[in-house]
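Read the structure below first, then the notes.
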Amino acid sequence: MARLNSNYLKLKAGYLFPEINRRVKAFADANPAGAARLIRCGIGDVTEPLPASVRAAMHRAVDEMGARESFHGYGPEQGYEFLRHAIAENEYRSRGIEVADDEIFVSDGSKCDCGNILDIFGHDNRIAVMDPVYPVYVDTNVMAGHTGKGNDSGLYEGLVYLPCNAENGFVAAVPEEKVDLIYLCYPNNPTGATATREQLAAWVDYALANDAVILFDAAYEAYIKDPAIPHSIYEIPGAGKCAIEFRSFSKNGGFTGVRCAFTVVPKELSCATSSGEKAPLHPLWNRRFSTKFNGVGYVTQRAAEALYSSDGKAEVQSLIGHYMENASILLEAARSCGLAVYGGTNAPYIWVRGPQGMSSWEIFDKVLGEANVVVTPGSGFGPAGEGYFRISAFNSRANALEAAARLHALDWK
Ligand code: MLT
């Protein structure tokens, strides 16, 4: 008899966002009036139109596809040279970071890459994740058989959880014990926290000393306003030897529906083979790409390239400015309710401590039922998120203002 991957049966409930959608649908079916005034501040999905420079580039690329001479079939799996070059030049080399064009791998999303990257690692690594954590890091390891069972609060045997709380500013400290793979996400989803240069340097030192690899998710780097905060792990000396970086066009260029991202795998990054020698990871990721992926579409890659034109850069800044103004409106609203608020200044997420004694899902139900606003329950990101909720700033200005007014009007006692 064919066997299924029983690791999937260890997964807890649904993936967080489909689970929220299920609950919102149940609410909407039972409350048509509430459904009509629903404002979604749950999933971090962009709302504003694609930049004009991006749309123009897509139109041009579509026209190219319409003529035999300029038609594009399969492209290079790793991405077209024009985009890999634009990324390496604009994101790294212009900031003094040496990243070669062929260390950039263009993909259809950071979420996919964060999951797929496990293909090139062994199954016997000790894996550390932050708590609260973007659920993809945990669930993909469960699926790959890297964990034991999960308990009722959602912790899986075999993973090392690094608690992030108000006391440590939601920045994980390096562990006492030895781990091999470390997921870090800064600016952080869900807490909106950022890590300083010194904090990231401590992680790089740890990784180098322990032959560990850091999987650095920087999908929200464009939201960093504070000039002292690093945008890339490669700003830290030595990180090229111990870190893979995930970046996305979803949250800066508004590409959640277009789908384009990239991952940097430095050629100097090596790991142990089963016989204990060191071998580089770059050829493995390259091989995986060529075998399991046919590359991102030409039109989409031209669209991403346009984000690096001078108009594109200005348009990205304007999108970021828009969402960060929403963040400050929503952050002030949550603060005016007498709640402790975190994040929201260098990240598009506001992380709010609910009233004592209320669970995250109780807060979710209250905010949905009484204010008809969808937020994300903090416990959905791990047990350390219990009692918190996350407000996403990805919305129209009108919705952000209305959501802020409704949150303010709630009785939080
Ligand atoms: C979130 O809301 O946490 C994000 O939208 C998740 C994602 O980008 O996949």
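Could you pull out the longest piece of the chain with no exposed loop chymotrypsin sites (Phe, Trp or Tyr not before Pro) in it, calling a site exposed if DSSP puts it outside H, G, I, E, B and it has at most 11 other Cβ atoms within 10 Å?
75-413
Return, ordered by residue number, the residues of segment 302-325 whose backbone nitrogen is under 19 Å from a label point located 7 Å along Cα→Cβ of Asn90.
From segment 302-325, the list is 302-323.
Let me spell out the model: positive unit charges on the Cβ of Lys and Arg, negative unit charges on the Cβ of Asp and Glu, origin at the Cα centre of the chain. What dipole size does that give, in debye rounded to 20?
900 debye
Please compute the length gained on full extension between Ala52 and Glu198, using 0.36 nm multiplied by the number of residues separating them and subtracting their Cα-Cα distance.
My answer for the length gained is 48.7 nm.
Taking a ≥ b ≥ c as the square roots of the Cα gyration tensor eigenvalues, with a/c under 1.5 meaning rounded and otherwise prolate when a/b beats b/c, else oblate, which class fits the chain?
Cα axes put the chain in the oblate bin.
Restrict the search to segment 144-226; then list the GluC sites (Glu not before Pro) that DSSP places in a loop and that have at most 16 other Cβ atoms within 10 Å of their Cβ.
Glu157, Glu167, Glu176, Glu177
Kindly list the residues of segment 188-229 that lie in the label zone of Trp412, defined by a backbone N under 20 Å from the point 7 Å along the Cα-to-C-beta vector.
Inside the label zone: 190-193.
Counting only pairs 8 or more residues apart or on different chains, how many lysine pairs in segment 54-308 have their Cα atoms under 14 Å apart?
Close lysine pairs under the 14 Å cut-off: 4.
Which GluC sites (Glu not before Pro) does segment 89-134 hold that lie in a coil by DSSP with at most 13 other beta carbons within 10 Å?
Of the GluC sites (Glu not before Pro), the ones in loops of segment 89-134 whose Cβ has at most 13 other Cβ atoms within 10 Å are Glu98.
Can you classify segment 371-413 as rounded, prolate or oblate using the Cα gyration tensor, where a ≥ b ≥ c are the square roots of its eigenvalues, rounded means a/c under 1.5, and otherwise it's prolate if a/b beats b/c and oblate if not?
oblate
Full extension from Ala405 to Asp29: what is 0.36 nm times the residue separation minus their Cα-Cα distance, to one decimal in nm?
The Ala405-Asp29 span can extend by a further 132.9 nm.
Of the trypsin sites (Lys or Arg not before Pro) in segment 219-262, which ones lie in a loop per DSSP and count no more than 16 other C-beta atoms within 10 Å?
Here the trypsin sites (Lys or Arg not before Pro) that fit, given the DSSP loop and packing criteria, are Lys225.
Show which lysines lie in cross-link reach of Lys413 when reach means a straight Cα distance below 25 angstrom and same-chain residues fewer than eight apart are skipped.
Lys413 reaches Lys366.
Gain in length, Asp152 to Ser359, computed as 0.36 nm per residue apart minus the alpha-carbon separation, to one decimal in nm?
Gain on extension, Asp152 to Ser359, equals 73.1 nm.
I want to check the label-to-label distance for Thr273 and Lys178. Put each point 7 Å from Cα in the C-beta direction and report it in nm to one decimal.
2.1 nm
Going by how many other beta carbons lie within 10 Å of each one, how would you line up Thr376, Thr191, Thr291, fewest first?
Neighbour counts put them in this order, fewest first: Thr291, Thr376, Thr191.
Rounded, prolate or oblate, given the Cα gyration tensor of segment 137-294, with a/c below 1.5 counting as rounded?
Cα axes put segment 137-294 in the rounded bin.
Rule-based calculations on the coordinates, nothing more; no lab input. From a predicted model like this one, the values you see are computed outputs, not experimental measurements. Cβ coordinates were reconstructed from backbone atoms using ideal geometry, including for glycine residues, and neighbour counts include every protein chain displayed.
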